[in-house]
Amino acid sequence: MLESYLREQRRHKDILLMTHIVIGYPSLDASFEIISTMVDAGVDLMELQIPFSEPIADGPVILRANQKALANGVTVKQCLEFADKAAKMFKIPFLLMTYYNILYKYGVEAFTDKMAAMGIRGAIVPDLPPEEGQSYLQAMDDHKLAPIFIYAPTSSLERMQKIAGYARGFIYCVARKGVTGQQTSFSNELESYLARCRKSTQLPLALGFGVKEKADVDFLKGKVDIAVIGSQTIRIVDKKTIPAAGEFLRSLRD
Amino acid sequence: MLKRGYFSNFGGAFLPEVLTATFDELEQVFEDAKADPGFWKEYEHVMSTYSCRPTPLTFAENLTRHFGGAKIYIKREDLNHTGAHKANNVMGQGLLVKRMGKSRVIAETGAGQHGVATATMAARYGFDCTIYMGEVDVQRQRPNVFWMQRLGAEVIPVKDGTRILKDAINEAFRDWVSNMEHTHYVLGTACGPHPFPEMVSYFQSIIGKEVRSQILEAQGCLPKRVYACVGGGSNAMGLFSGFLNDPVQLVGVEAGGHGLNSGKHASRLCSQDASVGVAQGYKTYFLQNSDGQMLDTHSIAAGLDYVGVSPILADLKENGRARFEAATDSEVVAAVDLAMRKEGLIPALESAHAFARAFQEAAEMNPEDSLIINQSGRGDKDIFTVADAFNDPAWQQFIKQKAEQYNA
Ligand SMILES: Cc1ncc(COP(=O)(O)O)c(C=O)c1O
């Protein structure tokens, strides 16, 4: 189970790292090389995003990566083959991240069958709240896959508790309002939000949106279990090289 | 947990968590307003003193004679302030913004009509205003960009995706998820997550209420058919809602572009290219590929050039209550020409889709019967597109002279 893996890892690490890639950006081959580099750098789990034409919760960096991947002609079938290969090659757990329409068009059950067969451990679907996710939740549960749900600073304690009832694996707490890839201030305000998150559930907590340097990760130690690095590694790969992203990830927990 | 906002299989609220509380608030304020008997009165008062409601129903005597079939009536939404039915929705949502105590409004716009209407509302009610508009639409509806800016709105051209209406909606959502505390997103059509389809239709129902009693007064009986163009579906919902429980055929006309087999159109309810999916927060028919990626759309009318459609209309299609047809770009230009020459009316290119289809069907209908076309907007905004379509030499000469003046 994903949750027990995370707890096991946490026994000897202050904080875990989850990274993110958009499959097919900048190309399928490069995506694979990026995963390999990230695994080498010691990341504990990864989300693989299947690109979608309307990524409404994503900011400019990930939005453009989605568009570029689609412009390269990447298909859902290729993405699943890619995820299959990654899950077979590397030991860390992988999650799929995408928008609900991709699952809906594929067929929610067929999609979860496929995930289970490939050894993918869970999914993050940011535009699928539990209210709309009945068939998804059932299908995920049938395969012991973890549906990762999201908390936001605008979620009340009551709402968080409700969501936690449907979540497995861990909860993904977004650090602030807005979309991916913008500035987050790691401050007292964030601390009180995280305290509310902590109070609402026994599940491990991840924090993402705007984590981009060692100081951010240090701030999160003792407050959450997982720090999520999203747009920042895309920026580094864009501006520098794939190995530079590896060095960056290593530096976060030195 | 209860699913909300479904019209049989369509609709819902596929929201990122960060917006859940905002939608709860919006739904609450909308429910309170509906339950408040004074609210609709206040709304009608605004629309009759700031816009031009009730808008007239015009009997098109010359067109009726021309086709020799059904009597043709035209509902004049073009006579609203800012020249389209969009004002109905915008002023209604403006009243809700006041109730919520927010200070900024944002909106998407395709044709620019919704953007202009939102900019006037913001000016009148003292809100800050940002309008998202696809870069392609900024070019083809330039007069409306000018007016939005003069009205004090910031117009942000959207350069991502297909650079048209759907992309403007995505950007408006991205703004909203950052600024929802003070900002309301005035969605311009009967699409998006619950409660937008229902709420926009509620405000637009003022069209149907008026026109039903107007036609009864004019001729003592109901029309046989009513026609509206369908972009997101708000003017169609406004018109149809007046006749849902009557023996009246409801006809929605989508953008046929270069033809339904050309791959260059925006017909979601009457073409084979659309299928059910979930995007932009709701479930409906979308023009998408088998992976679920949205397709490029095309229409001569920016306001109809959209991948999705109202979940309420999708439901009316599935249950057979409404019929959906398409009109091509060239049929639409011909319909504008005929409406101008025969009646002196200048329909927007969007509205002209309804005209084009009604013109095709009128002749086959019985002269005892009548039909109503919703003229959702006026065509002034389309001056560049229409001038190009007619290849108007005098206009081209004028533009050249004007450009020279600016160069001098
Ligand atoms: C004049 C006019 N009619 C119709 C539409 C289409 O929208 P809807 O289908 O919501 O009425 C627009 C949209 O911009 C418009 O400007």
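Each value in this text was obtained by applying a stated rule to the coordinates, not by laboratory testing. Small disclaimer: the values here were computed from a predicted structure and weren't measured. When we count neighbours, we look across all protein chains shown, and the Cβ atoms used for this are built from the backbone with ideal geometry, even at glycine.
Every listed requirement among (1) surrounded by fewer than 19 Cβ atoms within 10 Å (Cβ to Cβ); (2) part of a strand (DSSP E or B) is met by A:Thr19 save one, (1). Here A:Ser135 passes the criteria (1) away from chain B (no Cβ under 11 Å); (2) free of Cβ contacts under 8 Å to residues at least 12 places away in the same chain; (3) among the polar types (S, T, N, Q) except the one numbered (2).
Within region A:77-98, residues that are over 14 Å from A:Arg121 (Cα atoms) have Cβ atoms under 8 Å from residues that are hydroxyl-bearing (Ser, Thr, Tyr) and crowded, with 21+ Cβ neighbours inside 10 Å in these pairs: A:Phe82/A:Ser31, counting only partners at least 6 apart in sequence or on another chain.
Out of all the residues in region A:154-170, which are at the interface with another protein chain (Cβ under 10 Å from one of its Cβ atoms) and either within 18 Å of the chain's Cα centre (by Cα) or hydroxyl-bearing (Ser, Thr, Tyr) (or both)? Answer for region A:154-170, where residues must be at the interface with another protein chain (Cβ under 10 Å from one of its Cβ atoms) and either within 18 Å of the chain's Cα centre (by Cα) or hydroxyl-bearing (Ser, Thr, Tyr) (or both): A:Thr154, A:Ser155, A:Ser156, A:Ile163, A:Tyr166. Scanning region B:289-339 for residues that are hydroxyl-bearing (Ser, Thr, Tyr), within 14 Å of chain A (Cβ to nearest Cβ) and either within 13 Å of the ligand (Cβ to nearest atom) or buried (at least 21 other Cβ atoms within 10 Å of the Cβ) (or both) turns up B:Thr297, B:Tyr306. Quick check on my filter: what residues within region B:168-194 are away from chain A (no Cβ under 12 Å) and more than 16 Å from the ligand (Cβ to nearest atom)? B:His184, the sole residue that qualifies.
Name, by its number, the condition in (1) among the basic types (Lys, Arg); (2) more than 16 Å from the ligand (Cβ to nearest atom); (3) under 30 Å from B:Ala123 (Cβ atoms) that does not hold for B:Lys3. Here B:Lys3 clears every test but (3). Among the residues making up region B:350-387, those that are among the aliphatic types (A, V, I, L, M), away from the ligand (no atom under 14 Å from the Cβ) and buried (at least 23 other Cβ atoms within 10 Å of the Cβ) are B:Ala358, B:Ala362, B:Leu371, B:Ile372. If the condition is being out of contact with any Phe, Trp or Tyr (no Cβ under 8 Å at 6 or more places or on another chain), within 19 Å of B:Gly231 (Cβ to Cβ) and outside any helix (DSSP H, G or I), then region B:347-378 contributes B:Ala348, B:Ser376, B:Gly377, B:Arg378. Against the numbered list (1) under 29 Å from A:Gln161 (Cβ atoms); (2) more than 9 Å from chain B (Cβ to nearest Cβ), A:Tyr99 comes up short only at (2). Looking across region B:233-253, the residues that are near the ligand (Cβ under 9 Å from one of its atoms) and either at positive phi or assigned to a strand (DSSP E or B) (or both) come down to B:Gly233, B:Gly252.
Filtered by the rule that a residue be part of a strand (DSSP E or B) and within 14 Å of A:Leu96 (Cα to Cα), region A:122-152 gives A:Gly122, A:Ala123, A:Ile124, A:Ala146, A:Pro147, A:Ile148, A:Phe149. Entry remark, region B:215-232: residues being in a helix (DSSP H, G or I) and either within 12 Å of the ligand (Cβ to nearest atom) or crowded, with 19+ Cβ neighbours inside 10 Å (or both) number 1 in total. Of the residues in region B:125-133, at least one is assigned to a loop (DSSP other than H, G, I, E, B), more than 30 Å from B:His298 (Cα to Cα), more than 10 Å from the ligand (Cβ to nearest atom) and of a type outside the set (A, V, I, L, M, F, W, C).
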